[in-house]
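Note sheet for the following structure.
The values are calculated or read from the model by the stated rules, or taken from the named source; none is laboratory data. Worth saying up front: this structure is predicted, and the values here are computed from it rather than measured. Cβ placement follows ideal geometry from the backbone for every residue including glycine, while neighbour counts extend to all protein chains displayed. With ligands, DNA and RNA removed, areas are computed over all heavy atoms of the protein, side chains included. Shrake-Rupley method; radii C 1.70, N 1.55, O 1.52, S 1.80 Å.
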Amino acid sequence: MSLLNIDKLRKRFGETVAVEDVSFNVNPGEFYGLLGPNGAGKTTTISLVCGLLKPDEGSIGVDGTDFWSNPKESHRLMGLVPQDLALYEELTGRENLEFWGKVAGLSRNDAKERATELLESLTLSDRGNDAISKYSGGMKRRINLGCALMHRPKLLLLDEPTVGIDPQARMNILDFIRGLANDGTGILYTTHYLEEAESLCDRIGIIDHGKILAEGTLADLRNQIGHDQLSLCWKESSRALIGLNGLAFKSRFA
Amino acid sequence: MHLIRTLLAKDLRRVRRNPIPIITQIGIALILVAVIGLAFGEQAKSGSGMAPIKMAIVDEDESFFTELLQNSISSKKFAEYFDTEFLDRAEAMERVDANEISAVAVIPDGFSDAFLDGSESGRNLELIKNPAQSIYTAIVEEGLEALLTLLNALSRNFGEELRNWRDILEEAEEADFFSTVFLASKLLGDAREQIESARDYLTPPLVSFESSTRSDGTEEEAGKPFDLFSYLFAGMAGMFLLMIANSSTNGIYRESQFGTLRRFSSMHGRLLPFVLGKMVLVVAVTSISAVIMFVGGALLFGIEWISPGKVAIVTLAYCVCGAGLTSLIASIAGKEKRADTPNTIIIMGLALLSGTMVQTDALPGFIQDYVSPYLPTEWFIRTVRDLQNFDMATEWVGISIRLCIFGFLFAGVSATLFHRKILKGGAV
């Protein structure tokens, strides 16, 4: 049974269609990547999945139950790592972790223990008692990730969690996330970095203008396309897709 | 409850790390007390909460009538409010120039005769105001207007009798004793008949007021002098507490700005605990500010709060209501910058329509009947004023409960609006 089952999801903001007929599923221990340029509908999809937005049409199943029929339980099963940092700068890394753990329903002692464990896993033990305002961008990103993991969610939703950090910090975070998937956590990961999607994801959904254009494993996508190289054209240069060897997307400005 | 406690503990920790915003908010209370202190001066410590106003009377008439006036002004009751000296014009002007007195009332030569004879000229009293003491002179001016109303009423209703009294008293030394007594008793009888016939129109409010206060067994309080200083203070506290609540509610905007509100919403569908957690902090800050204001008012300006316990409970309820109201405004506005101007307008509007600056009686009839009575600010201000000046056996309890209910109602609506905005992808 899928951990997350999205079926024909649709969301409009006025006249703008943000998400149209989006369907996919994420299994336990699977790393699912939603790949697309800025404004493609990735964040809207994640927001719909975690209940921050209500879909106009379609359904979201979490661990076999419709999200909106039991939102409390669905919230308990998932953890969201938002694109923008959602931390309290005045509090320390440990205090942020403990606070979000308690908000997720952990007892005081459990929150303390789990915070210690995560600080170690995220290699932040020595900085756990420093205020977030004193952290580097990469350290803040790690704590931002840790806050979503405090209650040990079965499904982790990551909305471009490595935006704006240096390559080394990015590698650390991605290794950590890969480890979570290996331990059985289902992961829905949005990115516009093609190399991240290629190296991490078991399956990839390519999204643009709110629609899933292609979906499957790397091998599936190759088979769907029938070639090692695919050229996609966008009318606006800002929406140009990134090039890649192997499963190759080449940008060409119309 | 566990969640609200967690949220509150987090906010208190943040306050401890960065106390400047809260100190600034509480500082508003100190500034209020200081501003009123500067306006009314140290003299406010004495008397009925406000120092007696220093004024001079220049009696250029020097008649029997103005002698009566001098005697009544020297009475103990009048002295509670006015520190009056009788001076000649030149000396009085010197005292004004030296900023030693607030105003000079001049009774011109021939005033009594003109007043009693009803002649058109010579009936004008002169008021010379000290521009450096605008508040006090405004009070004197109001007082003088009230006095003129009284004199006009006397002239219209008892003009003939007053003239006869003047004649009797001025000629008493020369006339024989029995005819004087006879005339005096006839005048007294006529006056009594006139007063008796007018009593129903002149005194019904006093009669009903006395009977209701006696039934509560609080005759001692019913006789208390009106406390102008605490009257003004209650109105200003109503407005400033709302401003402090609004300022403390800014935490909600920050949570929205930092994305923590969205993160919370992604973990809990309902935002009521979040709003209530913020409300508790806002209530704590406004309550501390209220303590500073009311205790500061008592210590610095000698306001004697007649029912401090009742005032404290009503104020706490008002803080709950204010916190709910400001979080409702925050949920409608969404962003701090967008909220700044409407918030100020709403708070000032609520304050003015609730009698903060002027009595609600002075507002247009429509507002008196259909707006002011429905405003929580008005409930609070009126209750504190009434607790200070009249007896309120139980009404304050009902008003406190009503304020709390409205506070929680506002919080509920606020949480719903925040949630709906998030669900619609609005600016939260």
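Leaving out ligands and nucleic acids, note down the accessible area per residue over chain A with a 1.4 angstrom probe, in whole Å².
About 43 Å² of surface per residue is accessible.
Report, in degrees rounded to the nearest 10, the 0 to 90 angle that the Cα long axis of helix A:108-121 makes with the longest principal axis of chain A.
60
Working from Cα positions, state the angle (0 to 90°, nearest 10) between the long axis of helix A:93-103 and the longest principal axis of chain A.
Once rounded, one gets 80 degrees.
Between A:Asp66 and A:Arg12, take the C-beta separation as r, use R0 = 22 Å, and let me know the FRET efficiency to the nearest 0.05.
That gives a FRET efficiency of 0.60.
With θ set to phi - 60° and the Karplus curve 6.51 cos²θ - 1.76 cosθ + 1.60, what are the ³J(HN,Hα) couplings of the stretch B:277-288 in order, to the nearest whole Hz, using x for Gly and Pro?
Couplings: x, 5, 4, 4, 5, 4, 4, 4, 5, 5, 5, 4 Hz.
Relative to the longest principal axis of chain A, what angle (0 to 90°, nearest 10) does the C-alpha long axis of helix A:167-182 take?
The answer is roughly 90 degrees.
Express as a percent, rounded to the nearest 5, the fraction of DSSP beta bridges in the stretch A:4-216 (both residues included) that run antiparallel.
Around 55 percent of the beta bridges assigned by DSSP in the stretch A:4-216 are antiparallel ones.
Which of the peptides A:5-14, B:381-390 is most tightly packed, and how do the rest follow, judged by the mean count of other Cβ atoms within 10 Å per residue?
B:381-390, A:5-14
A plus B alone minus the pair: what accessible area, both sides summed, probe 1.4 Å, in Å² to 100?
Counting both chains, the buried surface is close to 2400 Å².
Test of understanding: given chain A, find the longest segment containing no GluC sites (Glu not before Pro) that are in a DSSP loop and have at most 13 other Cβ atoms within 10 Å.
Maximal segment without exposed cleavage sites: A:16-235.
Of the accessible area of the stretch A:4-216, with the probe set at 1.4 angstrom, what percent is carbon plus sulfur?
Ligands and nucleic acids excluded, carbon and sulfur reach 44 percent.
How well do other chains shield peptide A:65-74, expressed as the mean number of their Cβ atoms within 10 Å of each residue Cβ?
1
Between B:Thr315, B:Cys404, B:Ile422, whose Cα lies farthest towards the positive end of the dipole of the stretch B:290-428 when Lys and Arg beta carbons carry +1 and Asp and Glu beta carbons carry -1, centred on the Cα centre?
About the Cα centre, the residue reaching furthest to the positive side is B:Ile422.
Search the structure for amide H atoms under 5 Å from the amide H of A:Ala18, placed 1.01 Å from N in the peptide plane, and list their residues when 5 or more places away or on another chain.
Residues meeting the amide H criterion: A:Lys11, A:Arg12, A:Phe13.
Compute accessible area for the stretch A:90-138 by itself and then with all protein chains, 1.4 Å probe, and report residues whose area falls by 40 Å² or more.
Hits at the 40 Å² cut-off: A:Glu90, A:Leu91, A:Glu95, A:Phe99, A:Trp100, A:Lys102, A:Val103.
Let me confirm the definition first: pairs of Lys residues in chain A, 8 or more apart or on different chains, C-alpha distance under 13 Å. How many are there?
Lysine pair count for chain A: 6.
Would you grab the residues whose amide H sits under 5 Å from the one on A:Ile207? Only those 5+ places off in sequence or on another chain, please, with H modelled 1.01 Å from N.
Result for A:Ile207 returns A:Leu35, A:Gly36, A:Leu213.
Residues with amide H under 5 Å of B:Phe86's amide H, sequence separation 5 or more or different chain, H placed in the peptide plane at 1.01 Å from N; which?
Amide H neighbours of B:Phe86, under 5 Å, 5+ apart: B:Ile57.
Can you bin the stretch A:1-142 into rounded, prolate or oblate? Criterion: square roots of the alpha carbon gyration tensor eigenvalues sorted a ≥ b ≥ c, rounded for a/c under 1.5, prolate for a/b above b/c, oblate for the rest.
Here the stretch A:1-142 falls in the prolate category.
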